Amino acid sequence: MARKRKGRPVHGWLVIDKPLGMTSTQIVGRARRALDAQKVGHGGTLDPLATGILPLAFGEATKTVSYAMDGRKTYRFEVCWGEATSTDDREGEVIETSERRPEKAEILAALPDFLGTIQQVPPRFSAIKLNGARAYDLARDDQEFELAARTVEIERFELCDPAPEATDGTSTDTNVRDYATFEVDCGKGTYIRSLARDLARKLGTVGHVSALRRTAVGPFSENEAISLESLEALGHSPAALELLLPVETALDDIPALALSETEAARLRSGQSVSMLARSRSSQVRELNSGSIVFAKTGDTPVALARYEAGDIHPVRVLNL
């Protein structure tokens with residue numbers, strides 16, 4: 001007999017504005033306790049150094065996490081020039097220094113080289129597995145290993161501010177500075193630490209990420225975000241549940257397909273549903289074999305399904 005889950009069934013998405021110094025796993029644990037929820041997952045890890053958007057999936061929304069993680073992400077980050085670190089961020093040890101500081105014009109000229117489809121080697125301190133071991137564990141043990149380059153997509157890479165103002169309130173030199181702030185729109189699997197490292201190398205110096213904030217993940221943005229403290233203050237109240245976004249929020253980029261109650265019942269029971277009778281409808285005409293669709297009846301989500309040879313087949317049934 002299966003053990004009954006502790007907590008109550010809570011379904012939907014909640015966007016937390018992650019504070020500095022906490023892990024994504026810690027956020028998940030505290031949010032679960034705040035809502036007394038049975039099941040919670042997150043849509044894309046943020047390192048303790050990073051702040052910003054951390055979408056949390058509750059209940060049946062966990063079945064849509066992969067679609068949120070596949071979406072475009074936006075980051076705002078600061079690069080510190082002149083120091084390379086073991087982790088490519090400010091938490092690591094300094095392993096190399098350079099006196100060179102790039103000028104604004106040089107930075108602007110280099111950015112186009114990082115746009116589009118590029119090859120990127122992940123940081124040594126990353127969660128990538130090599131022969132069953134995490135890269136960060138191997139790096140901590142000072143083991144020698146090589147990480148293969150990966151293909152990533154960079155849609156936008158902009159210089160926002162060459163450097164912060166001086167502490168006395170006056171602006172520092174407009175061309176040569178120790179820091180620069182950037183914004184990036186990127187696809188799945190992009191490492192901002194690698195981007196900062198590689199940009200510094202391109203500019204003839206070294207550098208690391210000194211501050212990082214994620215401002216958007218797929219359909220989720222800062223507009224929907226709530227602080228962890230605010231969530232915990234609401235506790236198990238109805239007001240906390242009202243903050244939840246619908247399960248299907250992560251599926252904005254997936255074609256929706258309306259089903260009858262009879263068709264929905266078939267899909268929920270694991271059976272395929274024929275779309276041949278409506279093959280001329282705009283809903284079906286634009287689908288290709290293998291396309292994933294979001295099936296619903298009325299306003300109720302039914303399943304994620306795959307379209308093949310005129311039928312849709314259930315991939316993940318949503319029990320709502």
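Only the Cβ atoms of Lys and Arg (+1) and of Asp and Glu (-1) were treated as charged; on that basis the dipole of the chain about its Cα centre amounts to roughly 1760 debye. The alpha carbon centroids of the stretch 47-61 and the stretch 135-151 are separated by 26 Å. For the stretch 68-77, the Karplus equation 6.51 cos²θ - 1.76 cosθ + 1.60, evaluated at θ = phi - 60°, returns couplings of 5, 5, 6, x, 5, 10, 10, 10, 10, 8 Hz by residue, with Gly and Pro reported as x.
Available extension along the chain between LYS202 and SER272 is 19.9 nm, counting 0.36 nm per residue and deducting the alpha carbon span. In this simple spin-label model, placing a label point 7 Å from the Cα along the Cα-to-Cβ direction at both GLU103 and ASP141 gives a separation of 4.9 nm. Proximity of backbone amide H atoms, modeled 1.01 Å from N, is registered between ILE226 and VAL15, ILE16, ASP17 at under 5 Å, excluding neighbours fewer than 5 places apart on the same chain.
Here semi-axes √(5λ) of the Cα gyration tensor in Å was calculated from the structure, and among (1) 26, 25, 19; (2) 41, 24, 19; (3) 29, 24, 20 it sits at label (2). In this structure, the amide hydrogen of ARG150, modeled 1.01 Å from its nitrogen in the peptide plane, lies closer than 5 angstrom to those of GLN120, VAL121, counting only residues at least 5 positions away or on a different chain. Calculated mean residue ellipticity, 222 nm, the chain: -5000 deg cm²/dmol, from DSSP H runs (n ≥ 4) at -39500 (n - 2.57) each, averaged per residue and rounded to 500. Under a straight-distance cross-link criterion of Cα-Cα below 26 Å, which lysines are reachable from LYS202, leaving out those fewer than 8 residues away in the same chain? Once the sequence-local lysines are set aside, what remains near LYS202 is LYS73, LYS104, LYS188. Phi angles across the stretch 206-214 convert, under the Karplus curve 6.51 cos²θ - 1.76 cosθ + 1.60 with θ = phi - 60°, into 3J(HN,Hα) values of 10, x, 8, 6, 9, 7, 8, 9, 8 Hz, Gly and Pro given as x.
Every number here is computed from the coordinates shown, using simple stated rules; none is lab data. All of these numbers come straight from a predicted model, not from anything done at the bench. Every residue, glycine as well, gets a Cβ built from its backbone with ideal geometry; the counts of neighbours run over all protein chains shown.
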